[in-house]
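Worksheet: the structure to be examined is printed underneath.
The values are calculated or read from the model by the stated rules, or taken from the named source; none is laboratory data. Since this is a predicted model, take the numbers as computed values, not measurements. Neighbour counts are summed over all protein chains in view; Cβ atoms, including those assigned to glycine, are modelled from backbone coordinates with ideal geometry.
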Amino acid sequence: MLFKNISILDENFQIRNNIYLKTEDEIITYIGEKCPNQNQDKDKEEESIDGKGLLLMPGFYNSHAHSPMSLLRGYGEGLELHEWLNKKIFPFEKTLNREDVYWGSLLSMAESMSYGIVSTTDMYFLTDGLAKAVLDSGMKANISRSVSNMSQANPHDDITFKEMVYTNESFQGIGSGRIIVDASLHAEYTNDEPTIKAVADYAIENNLRTHIHLAETEREVIECRRRYGGISPVELLLRNGVFDVKVTAAHCVWLDDRDREILRDKKVTVASCPVSNLKLASGICDVNKLFDEGIRVTIGTDGASSNNSLNFFEEMKIFALLGKYKSKNPARMKAEEVIKSATIDGAIAQGREACGSLKVGNRADIIAIDIESPSMNPRDNLINNIVYSSSGRDVRMTMVDGKILYKDGEFITLDIEKIKYEVGKRSAFQKM
Ligand SMILES: [Zn+2]
């Protein structure tokens, strides 16, 4: 594919105009001001897109989500996290089968690509359905089966642990690497200490990344300190070796200085989920304190059950605004910094090194933004417009590994009417 005369957000977060960008197979092979050599094979006409009114930028890496939870959109409103989980979410989740998870995940894949997301760090169960949805949609995901076990029995006998192992053995690296399997602990408060240790050991032995919920609510931290003689969830995970592999820790709202030191020293990535934290009234992650420690911070939507959308533009803006608010400094959360969290840092956190920026040799995970739209004008500071003025409506194209999945409102790989019909039959409102 050749994009002609197009604006791009380059790897240094600079806007360049009148650029030619070429992709071959799944790779970006040319970025420059001159038109590259056309294909030698005259019979094979090269596909091209006229870039007038469009800006290319790297797609977004959603750092924390539960894709099947689109089935629960709008269900169980008005409850705080623990009540919400125990009274609404867990009872519905007991009814789910593989097909439900497949259709719910497909709806999230459709929504994600329409908002410019190219890859998602996902956590759920019935991962066959999730993996199939990712493959069928053409998207990328780090999937994981989260372990939850409070039985005090041997963790290796627990069904969730066995399913985590099954997920790794069945789906690691499939779809030409589009799927990466991570280890996963659901959270400190849903696991006993032997299970936390067992998941950490499994991740170390198999060289896996680990995805967890961490310090999401004040109650989680208070109860952990009560159970474990005063130590925080971060300290508990540290002493069990969880941070001895690369970890993405979602939320991290309730941290103290010692916790931040640990996350810094162990190079943990924090996936901030500002909308979910606000909606469940869990609190506000102090992103600038993490940035000041040199901790990598990425952005997650969380599930559509607690957000309730996967609109990554909304997520970026609220992430930025809360950072300004918490620091009491409007100069913080520069647009470049926010886009870095949303793109290249998210890709690094997923272990996708050749992704997340428009650079020759990188994977072509690219989105096109309509810069003719009213909210993108005037165009003197397009980077600021992307974070603070644009909305998901401005996404014109989403490309993953060089393949266009979404263009001008059309879902190329998905039958969206069929997906809506199937999800409509299987939603929490229909079943409960
Ligand atoms: Zn979550």
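Mind checking whether some residue in the stretch 233-241 is in a loop (DSSP other than H, G, I, E, B), among the aliphatic types (A, V, I, L, M) and either within 16 Å of the ligand (Cβ to nearest atom) or touching a strand residue (DSSP E or B) at 6+ places or on another chain (Cβ under 9 Å) (or both)? Explain how you work it out, then say what you get.
Our first condition is that a residue be in a loop (DSSP other than H, G, I, E, B); within the stretch 233-241, this holds for 240-241.
If we keep only those that are among the aliphatic types (A, V, I, L, M) as well, we get none.
No, every residue in the stretch 233-241 fails to be in a loop (DSSP other than H, G, I, E, B), among the aliphatic types (A, V, I, L, M) and either within 16 Å of the ligand (Cβ to nearest atom) or touching a strand residue (DSSP E or B) at 6+ places or on another chain (Cβ under 9 Å) (or both).
Within the stretch 270-322, count every residue that is under 16 Å from the mean Cα position of the chain (by Cα) and of a type in the set (D, E, K, R). I'd like the intermediate steps shown before the answer.
Start the filter on the stretch 270-322 by keeping residues that are under 16 Å from the mean Cα position of the chain (by Cα), which leaves 270-277, 296-319.
Cutting the leftovers down to of a type in the set (D, E, K, R) gives us 296, 302, 314-315, 317.
The number of residues fulfilling the criteria is 5.
With the condition kept exactly as written, say whether any residue in the stretch 213-221 is away from the ligand (no atom under 16 Å from the Cβ), in contact (Cβ under 8 Å) with a residue 24 or more places away in the chain and under 17 Å from residue 184 (Cβ atoms).
no
Take residue 325 and decide whether it is away from the ligand (no atom under 16 Å from the Cβ), among the hydroxyl-bearing types (Ser, Thr, Tyr) and touching a residue at least 40 places away in the same chain (Cβ under 8 Å).
yes
Based on what the data block shows, is residue 249 within 13 Å of the ligand (Cβ to nearest atom) and either part of a loop (DSSP other than H, G, I, E, B) or modelled with pLDDT of 95 or more (or both)?
Working: within 13 Å of the ligand (Cβ to nearest atom): yes; either part of a loop (DSSP other than H, G, I, E, B) or modelled with pLDDT of 95 or more (or both): yes.
Yes, satisfied.
Rundown of residues vs (1) out of contact with any helix residue (DSSP H, G or I) (no Cβ under 8 Å at 6 or more places or on another chain); (2) in a strand (DSSP E or B); (3) within 16 Å of the ligand (Cβ to nearest atom); (4) under 26 Å from residue 134 (Cβ atoms), yes/no style:
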residue	(1), (2), (3), (4)
7	no, yes, no, no
29	yes, yes, no, yes
45	yes, no, no, no
49	yes, yes, no, yes
62	no, yes, yes, yes
77	yes, no, no, no
89	no, no, yes, yes
100	no, no, no, yes
108	no, no, yes, yes
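Pick from the stretch 261-274 the residues that are aliphatic (A, V, I, L, M) and buried (at least 24 other Cβ atoms within 10 Å of the Cβ): which of them is farthest from residue 308 (Cα to Cα)?
Checking each candidate, the answer is 263.
Identify, from the list 159, 180, the residue that is closer than 18 Å to residue 105 by Cα, surrounded by fewer than 24 Cβ atoms within 10 Å (Cβ to Cβ) and not small (Gly, Ala, Ser). Walk me through it before giving the result.
Values: 159 fails: closer than 18 Å to residue 105 by Cα.
After ruling out the rest, the residue left standing is 180.
Name the one entry in 368, 354 that is surrounded by fewer than 24 Cβ atoms within 10 Å (Cβ to Cβ), touching a Lys or Arg at 6+ places or on another chain (Cβ under 6 Å) and of a type outside the set (Phe, Trp, Tyr).
354
Could you pull out every one of the helices (runs of 4 or more DSSP H) wholly within the stretch 255-358 that has 2 or more residues that are among the aliphatic types (A, V, I, L, M) and either out of contact with any Phe, Trp or Tyr (no Cβ under 9 Å at 6 or more places or on another chain) or modelled with pLDDT under 95 (or both)?
Result: 312-327.
Within the stretch 264-303, work out how many residues are more than 23 Å from residue 386 (Cβ to Cβ), of a type in the set (A, V, I, L, M) and within 15 Å of the ligand (Cβ to nearest atom).
1
Table: residues versus (1) surrounded by 21 or more Cβ atoms within 10 Å (Cβ to Cβ); (2) touching a Phe, Trp or Tyr at 6+ places or on another chain (Cβ under 8 Å).
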| position | (1), (2) |
| --- | --- |
| 383 | no, yes |
| 395 | yes, yes |
| 403 | no, no |
| 407 | no, no |
| 410 | no, no |
| 421 | no, no |
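Give the residues of the stretch 382-407 that are touching a helix residue (DSSP H, G or I) at 6+ places or on another chain (Cβ under 8 Å) and either among the acidic types (Asp, Glu) or within 18 Å of residue 15 (Cα to Cα) (or both), sorted by residue number.
Result: 382, 383, 384, 385, 386, 387, 388, 389, 390, 394, 395.
Scanning for something in contact with a strand residue (DSSP E or B) (Cβ under 9 Å, 6 or more places away or on another chain) and in a helix (DSSP H, G or I), does the stretch 217-227 turn up at least one residue?
yes
Go through (1) within 16 Å of the ligand (Cβ to nearest atom); (2) within 25 Å of residue 400 (Cα to Cα); (3) in a helix (DSSP H, G or I) one by one and return the number of the condition residue 85 breaks.
Status for residue 85: all satisfied but (2).
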